Every structure is written in C-alpha cells, then in structure tokens.
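Just so it is clear, none of the values below were taken in a lab; they were calculated from the coordinates. Every value quoted in this text rests on a predicted model; they were computed, and no experiment measured them. All Cβ positions, even for glycine, are placed from backbone atoms using ideal geometry, and neighbour counts span all protein chains on display.
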C-alpha cells in the first residue's frame, strides 16, 4: 500500500497527528485507482499510537509517553507517566497503571475478582519491574 504523508501537526503533549493518503497500488483490498485519506497519531519518533483521540487521552489527559511493548510490535501499547511514576499497559479493551508496591502482573495469578495491581506473586520494587508488569498486562488485554 502506497502511503504518503500530506500533513503533520505536532502537539506539546508528545505526539503528532499525520494526515496520510493511502492508495490501492500495493493493497489487494483496494482497487488500484482507489485512495483513502486518514488521520493517525504517532510518537515523535514515528511509532504508531492509534486514533487522534487515543493520543489525546493517553498523552494529554493522562500524561503518558507511549512506546511499543516490543521492537517487533507495530503499535504502542505501554507508556510511562512521569507525574504518577507508573508504567501503563493498554489495548483497545483496557488500560492499567503499575507502580512501586503493586504486583508484577501475571495473568495466571488470582481470579476475575482480583484487582490487576494485585494480579501477581512478586511485589514491584523498582520502575523496570513496573514496566514489565505493564508489558505483561498489555499482552494479556491485546
């Protein structure tokens, strides 16, 4: 699929909205002469966040700096909130933040009534462990 960036609007909250033209040249789902204009949100480094309202809610309202869960991922699904000192994991279904004192998220721990921040055996003592909890949660809800 041929993709051309028509416009980029950068926001102080740490994201940008790109207006892009997609053509059917390389996309079997579109006619060769068909084109689609779309707006999507990206990090300043070019990682896909999602819709503009997703970026607004994550970056502006919640103060989260999104990043990809792994290098192989195509979209951001974790991020750090400096003001709360928490790592967040999310998908289109759920979002949750993990900080020091919470548990490292384990989907096999607890049951449906167990709060996500207690859904694990080990307590988070440093922020890299909170990041791992967010990664685990994002994978679980994706």
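Please report, largest first and rounded to whole Å, the three semi-axes of the ellipsoid equivalent to segment 63-142, where each semi-axis is the square root of five times an eigenvalue of the C-alpha gyration tensor.
Details: eigenvalues 67, 45, 22 Å².
The three semi-axes for segment 63-142 are 18, 15, 10 Å.
In segment 95-121, whose amide N lies under 19 Å from the spot 7 Å out along Cα-to-Cβ of residue 70? List them in ranges.
Correct set: 105-108.
Between the helical axis of 127-141 and the dominant principal axis of the chain, each derived from Cα atoms, what acute angle in degrees is found, rounded to the nearest 10?
Result, in degrees: 60.
Report, in deg cm²/dmol and to the nearest 500, the calculated mean residue ellipticity at 222 nm for the chain, where each DSSP H run with n ≥ 4 adds -39500 (n - 2.57) and the sum is divided by the residue count. Walk me through the intermediate numbers first.
Details: 2 runs with 19 residues, N = 142.
Estimated from H runs of four or more residues: -4000 deg cm²/dmol.
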